[in-house]
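**Student:** Have a look at the structure that comes next, please.
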Amino acid sequence: MTILVTGASGNIGSQVVDHLIKRGADVRAFVRDPSKAKFAADVSVVQGDLLDVDSLREAYAGVSTLFLLNAVVPDEFTQALIALNVAHEAGIERIVYLSVIHGDRYVNVPHFAGKFAVERMIEQMGLHATILRPAYFMNNEFMIKDAIQSYGIYPMPIGSKGLAMVDASDIAEVAAIELIRREQSPVALPLDRINLVGPDTLTGADAAAIWSDVLGRQISYPGEDFAGFEQTLRQFMPPWMAHDMRLMGQRFISEGMVPDAGDVDRLTTLLGCPLRSYRDFVTQIAASA
């Protein structure tokens with residue numbers, strides 16, 4: 001049978017496809033623009049949109065397992081509900097949904113609240129799914145590396161409670177492992193949730209210290225200026241998204257993003273190797289500059 005990957009041309013989706021192919025899966029990639037789909041020859045590519053019910057019905061034909069990834073967009077919640085309802089209509093009983101950690105706590109942050117509402121829909125409808133809950137992506141640091149290297153400051157307002165930053169490559173591999181597990185099971189497996197975290201829980205000062213070590217010069221953490229942070233983000237993203245990110249940063253300060261006991265051990269066992277560290281990620285960024 002076939003595993004359908006939505007968001008397949010993006011950073012995580014494309015890596016999920018690669019991991020599935022390496023594991024011998026029959027993969028179908030669901031993309032908006034096939035010209036951006038750079039996959040192995042044996043990957044079937046279908047064009048569509050999560051708001052286009054007809055394209056979903058066509059893409060779901062013959063699919064046994066679904067990986068649902070929604071971009072952070074204003075209608076993300078609607079996209080997810082439509083995609084899951086049409087999957088249910090098509091009889092797809094094996095689902096992996098990419099949510100976010102602490103959606104129940106970050107209640108005023110739009111993309112957190114939307115994903116948590118989707119989780120409630122999955123649970124109340126009795127869908128057979130693994131809900132993956134990633135923490136803050138290390139890969140977001142590409143947005144701020146120029147500020148770090150040019151101005152000597154670490155500008156992400158992550159505060160002092162700590163964030164368990166996770167690398168996108170680890171997220172994608174766990175997703176592929178869960179898709180294969182559900183695909184190969186003789187029966188549809190019950191609902192499961194997995195927190196996706198990194199091996200270290202870092203404060204703003206911790207992150208700045210790692211950058212200092214890697215770059216060989218002082219990088220400081222100036223504290224939290226949310227108005228300035230939002231204004232900076234508006235230079236390269238829509239105002240609504242910059243405000244969403246500001247609200248997320250404020251929750252970093254009040255809540256943190258700390259893993260539950262056993263999260264790191266569970267992921268290490270699933271992957272069969274250590275999780276990628278923030279220091280290794282920063283070292284890669286610095287080397288590629």
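**Student:** In a GNM of the chain with a 10 Å cut-off on Cα contacts, which of 24, 13, 162 has the highest mean-square fluctuation?
**Tutor:** Maximum among the listed residues: 24.
**Student:** What does the charge dipole of the chain about its Cα centre add up to, to the nearest 20 debye, if the Cβ of each Lys and Arg holds +1 and the Cβ of each Asp and Glu holds -1?
**Tutor:** So the dipole magnitude of the chain works out to roughly 220 debye.
**Student:** Just from its helices, what would the mean residue ellipticity at 222 nm be for the chain, if runs of 4 or more DSSP H residues each count -39500 (n - 2.57) and the sum is divided by every residue, rounded to the nearest 500 deg cm²/dmol?
**Tutor:** -14000 deg cm²/dmol, from helical runs alone.
**Student:** While we're on this one: How big is the charge dipole of region 83-212 about its Cα centre, in debye rounded to the nearest 20, if each Lys and Arg gets +1 on its Cβ and each Asp and Glu gets -1 on its Cβ?
**Tutor:** Roughly 260 debye for region 83-212.
**Student:** Ok, one more. Ranked from highest to lowest mean number of other Cβ atoms within 10 Å per residue, what is the order of the peptides 193-202, 104-113, 36-45, 119-128?
**Tutor:** Going by the mean number of other Cβ atoms within 10 Å, highest first, we get 193-202, 104-113, 119-128, 36-45.
**Student:** Contour minus end-to-end for residue 286 and residue 11, with contour as 0.36 nm per residue of separation and end-to-end as the Cα-Cα distance?
**Tutor:** Going from the current span to full extension adds 97.0 nm.
**Student:** A further question follows. With the crude spin-label approximation of a point 7 Å out along Cα→Cβ, what separation in nm comes out for residue 58 versus residue 23?
**Tutor:** Going from the residue 58 label point to the residue 23 one covers 2.9 nm.
**Student:** Cut-off under 20 Å on the C-alpha distance; same-chain residues fewer than 8 positions from residue 38 excluded. Which lysines are left, in chain and number order?
**Tutor:** 22
**Student:** Can I ask one more? Assuming R0 = 30 Å, can you tell me the calculated FRET efficiency for the pair residue 49 and residue 273, based on Cβ-Cβ distance, to the nearest 0.05?
**Tutor:** 0.25
**Student:** Relative to 2.2 N^0.38 Å, what does the C-alpha radius of gyration of region 72-154 come to as a ratio? Two decimals please.
**Tutor:** 1.38
**Student:** Another question, then. As I understand it, the dipole of region 7-103 uses +1 on the Cβ of Lys and Arg and -1 on the Cβ of Asp and Glu, about the Cα centre. Which of 81, 59, 15 lies farthest toward its positive end?
**Tutor:** Going by the Cα projections, it comes out as 15.
**Student:** With a cut-off of 8 Å between alpha carbons and a minimum separation of six or more residues, what is the relative contact order of region 113-176 in percent?
**Tutor:** Value for region 113-176: 35 percent.
**Student:** Another question, then. For the chain, which semi-axes, largest first and in whole Å, follow from the square roots of 5 times the eigenvalues of its Cα gyration tensor?
**Tutor:** So the three semi-axes of the chain are 33, 20, 19 Å.
**Student:** Residues of region 147-166 with the amide nitrogen closer than 15 Å to a label point 7 Å from the Cα of residue 107, along Cα-to-Cβ, please.
**Tutor:** none
**Student:** List every residue whose amide H lies under 5 Å from the amide H of residue 45, counting only residues 5 or more places away in sequence or on a different chain, with H placed 1.01 Å from N in the peptide plane.
**Tutor:** Amide H neighbours of residue 45, under 5 Å, 5+ apart: 29.
**Student:** I would also like to ask the following. Nearest 5 is fine: what % of DSSP beta bridges in the chain come out antiparallel, could you say?
**Tutor:** 5 percent
Every number here is computed from the coordinates shown, using simple stated rules; none is lab data. If you're wondering where the values come from, they're calculated on a predicted model, not measured in any experiment. Here Cβ is always computed from backbone atoms with ideal geometry, including for glycine, and neighbour counts include all displayed protein chains.
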